[in-house]
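Chemist: Here it is, the structure in full.
The values are calculated or read from the model by the stated rules, or taken from the named source; none is laboratory data. Predicted model only: the values in this text are computed from it and were never measured. Don't worry about glycine lacking a Cβ; one is built from the backbone with ideal geometry, like all the others, and counts go over all protein chains shown. Just the protein is used for accessible areas: all its heavy atoms, side chains included, with ligands, DNA and RNA removed. Shrake-Rupley method; radii C 1.70, N 1.55, O 1.52, S 1.80 Å.
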Amino acid sequence: MALSAEIHERRAAAVPRGVGHATAIYAKRAKNAEIWSEEGKRYIDFGAGIAVVNTGHQHPRIVAAVEEQMKAFAHVCFQVTPYETYVSLAERLNAIAPVSGAAKTMLVSTGAEAVENAVKVARAYTGRPGIVSFSGGFHGRTHMGMALTGKVVPYKKGFGPFPADIYNVVFPNTYHGVTSEQSLEAIKALFKYSVDPSSIAAIIIEPVQGEGGFYIAPFDFLRALRTLCDEHGILLIADEIQTGFARTGKMFGLEHSGVKADVATMAKGLAGGFPLSAITGRTDVMDASNPGGLGGTYAGSPVACAAAHAVLDIIAEERLCDRANAIGDIILNRCNRIRSRSNLNCIGDVRGLGAMCAIELVKDVASGEPAPQLTQTLMKVANENGLILLSCGTYGNVIRFLVPLTASDDLVREGMDIFETSLSEAVTRVA
Ligand SMILES: Cc1ncc(COP(=O)(O)O)c(C=O)c1O
């Protein structure tokens, strides 16, 4: 049997270093919220494959749906010989997406591809080139995704030039001292000094920034953004790729603010681990492109569509929005308790929406200086202790909790016990 360490060495020779790795644990099998490595070690999974398996690893309903589909066909291409499950999935997403009025949905494969297509339909509909995005935002690794992304290292450095007419403004990150008013002022200044709003097709925003650090866009800001968009005929694109499918305690993150988008992008949690993404938007916007302008060979794979139908059933039947809130309570309560332990002095912030929770680590609370080294050490110690953790954030000092929403309270608590022990150990190691 190959051990993780041995495979990791082979990886270094066989796989480019640009393909990052949060752990050196090589997965052999997984079940619900647990993963077993090549050497048979058990890990509690607080990463969910980066917010993908909200419905847990190997959920029996998803496995059964996929097996059933594989018996029928794996691929025929929706643009050649279409299949009903794509259409019915579009109907289901049209009914639930946080989009105003009648909607239509197209399916592709990855989050970045969804973002690409959201920009395409927005430009086709408005006839305008410009797109506004936010500092700290993450929208994928394609050229348009990189252009929209508001973090240079590692996502953009060395990969330019990027598509033109992309404008990045400061995100209302209250923890780091940027108010909603300041962010709105930045957009108004952009419109005054750099580009006329009549040239802007869309503003794209994550209701809660994912890779950027789990910063929640203030609800008043989202409402003001909607008004600003309406004033200028600009479309609002909600990037729900990380916030979607019950993670925040509602089906979509934008729902917390009461705001509706014109277009929403979805991926990750949509298909329980199968590559599938969706763009759902106002019918008039989605219909602006010419036939043949949208799609792709693998777009809306029938196997992934079967999985997505099962995912939507599971979210409803197992009340995963409620579970997200319950899990979020356990995580936030525990983080706040750890924070109140006077001997640690390294927790700058604890925040969350539903089960989209994070803890921001600092060198000391008084200075608030980010602690990326402590964060990296914590992830390693947690791995040693049997817990998979992911970091995020502009300064690499945020631990994000992304446990599958099907995890039991006991398992979440066990994971938080390991988290607490590992944090103490990590603080000692970096001291
Ligand atoms: C908000 C957001 N948009 C877009 C993407 C890109 O998705 P993918 O990695 O599937 O291309 C991500 C991935 O983390 C994301 O979190």
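Chemist: So, ALA30, is that one on the phi > 0 side of the Ramachandran plot, hydrophobic (A, V, I, L, M, F, W, C), touching a residue at least 24 places away in the same chain (Cβ under 8 Å) and open to solvent by less than 60 Å² (accessible area, probe 1.4 Å) or not?
Modeler: Numbers: on the phi > 0 side of the Ramachandran plot: no; hydrophobic (A, V, I, L, M, F, W, C): yes; touching a residue at least 24 places away in the same chain (Cβ under 8 Å): yes; open to solvent by less than 60 Å² (accessible area, probe 1.4 Å): yes.
No, not satisfied.
Chemist: State all residues of the range 108-129 that are assigned to a helix (DSSP H, G or I) and among the basic types (Lys, Arg); if no residue qualifies, say none. Spell out how you get there, then give the answer.
Modeler: Taking the range 108-129 as the starting set, the residues that turn out to be assigned to a helix (DSSP H, G or I) are 111-126.
LYS120, ARG123, listed by residue number.
Chemist: OK, next. For the range 275-284, what are the residues that are open to solvent by 20 Å² or more (accessible area, probe 1.4 Å) and within 12 Å of the ligand (Cβ to nearest atom)? I'd like the intermediate steps shown before the answer.
Modeler: To start, the set of residues in the range 275-284 that are open to solvent by 20 Å² or more (accessible area, probe 1.4 Å) comprises 275, 282-284.
Selection gives PRO275 alone.
Chemist: Scan the helices (runs of 4 or more DSSP H) fully inside the range 1-107 and keep the ones with 2 or more residues being over 18 Å from LEU389 (Cβ atoms) and among the acidic types (Asp, Glu). It would help to see each step written out before you state the result.
Modeler: Numbers: elements: 4-14, 48-51, 60-72, 84-96.
Per the criteria, 4-14, 60-72, 84-96.
Chemist: Turning to a different aspect of this structure: Which ones in the range 72-91 are out of contact with any helix residue (DSSP H, G or I) (no Cβ under 6 Å at 6 or more places or on another chain) and within 18 Å of PHE245 (Cβ to Cβ)?
Modeler: Scanning the range 72-91 gives SER88, ALA90, GLU91.
Chemist: Does ASN345 satisfy the criteria of being in contact with an Asp or Glu (Cβ under 7 Å, 6 or more places away or on another chain) and open to solvent by 10 Å² or more (accessible area, probe 1.4 Å)? Outline the logic, then answer.
Modeler: Numbers: in contact with an Asp or Glu (Cβ under 7 Å, 6 or more places away or on another chain): yes; open to solvent by 10 Å² or more (accessible area, probe 1.4 Å): yes.
Here the answer is yes, as ASN345 does meet what is asked.
Chemist: Take the residues in the range 156-192 that are open to solvent by 50 Å² or more (accessible area, probe 1.4 Å) and within 16 Å of the ligand (Cβ to nearest atom), then tell me which one is farthest from SER391 (Cα to Cα).
Modeler: Here the answer is PHE162.
Chemist: With the requirement that a residue be touching a Gly at 6+ places or on another chain (Cβ under 9 Å) and under 15 Å from GLY393 (Cα atoms), what does the range 141-155 give you?
Modeler: Listed by number, the residues that qualify are THR149, GLY150, LYS151, PRO154, TYR155.
Chemist: Only one of ASP322, ASP287 is touching a strand residue (DSSP E or B) at 6+ places or on another chain (Cβ under 9 Å), of a type in the set (Asp, Glu) and open to solvent by 10 Å² or more (accessible area, probe 1.4 Å). Can you tell me which? Outline the logic, then answer.
Modeler: Working: ASP322 fails: touching a strand residue (DSSP E or B) at 6+ places or on another chain (Cβ under 9 Å).
That would be ASP287, the only listed residue that is touching a strand residue (DSSP E or B) at 6+ places or on another chain (Cβ under 9 Å), of a type in the set (Asp, Glu) and open to solvent by 10 Å² or more (accessible area, probe 1.4 Å).
Chemist: Quick one: what pairs do we get from the range 268-293, first residue free of Cβ contacts under 8 Å to residues at least 60 places away in the same chain and more than 30 Å from LEU402 (Cα to Cα), second small (Gly, Ala, Ser) and within 12 Å of the ligand (Cβ to nearest atom), C-beta under 7 Å, 6+ apart or different chains?
Modeler: Qualifying pairs under 7 Å: none.
Chemist: Shifting gears a bit: Is it the case that ASN385 is open to solvent by 70 Å² or more (accessible area, probe 1.4 Å), farther than 25 Å from THR149 by Cα and not charged (D, E, K, R)?
Modeler: No, not satisfied.
Chemist: Would you say GLY253 is crowded, with 21+ Cβ neighbours inside 10 Å and within 16 Å of the ligand (Cβ to nearest atom)? Break it down stepwise before answering.
Modeler: Numbers: crowded, with 21+ Cβ neighbours inside 10 Å: yes; within 16 Å of the ligand (Cβ to nearest atom): yes.
So GLY253 passes the test.
Chemist: Restricting the search to the range 207-249, which residues are open to solvent by 10 Å² or more (accessible area, probe 1.4 Å), among the charged types (D, E, K, R) and either more than 16 Å from the ligand (Cβ to nearest atom) or under 14 Å from ILE131 (Cα atoms) (or both)?
Modeler: Within the range 207-249, ASP220, ARG223, ARG226, ASP230, GLU231 meet the criteria.
Chemist: Among the listed residues VAL119, VAL132, VAL153, VAL108, identify the single one that is open to solvent by less than 40 Å² (accessible area, probe 1.4 Å) and either more than 15 Å from the ligand (Cβ to nearest atom) or polar (S, T, N, Q) (or both).
Modeler: None of the other options fit; the residue is VAL132.
Chemist: Condition first: within 15 Å of ALA271 (Cα to Cα), within 16 Å of the ligand (Cβ to nearest atom) and open to solvent by less than 50 Å² (accessible area, probe 1.4 Å). Now tell me which residues in the range 44-83 satisfy that.
Modeler: ALA48, ALA51, VAL52, VAL53, ASN54
Chemist: Moving to a separate point now. Going through ALA261, ALA267, ALA316 one at a time, which residue ends up being open to solvent by less than 10 Å² (accessible area, probe 1.4 Å), closer than 25 Å to ALA65 by Cβ and either more than 16 Å from the ligand (Cβ to nearest atom) or not basic (Lys, Arg) (or both)? Explain how you work it out, then say what you get.
Modeler: Values: ALA261 fails: closer than 25 Å to ALA65 by Cβ; ALA316 fails: open to solvent by less than 10 Å² (accessible area, probe 1.4 Å).
After ruling out the rest, the residue left standing is ALA267.
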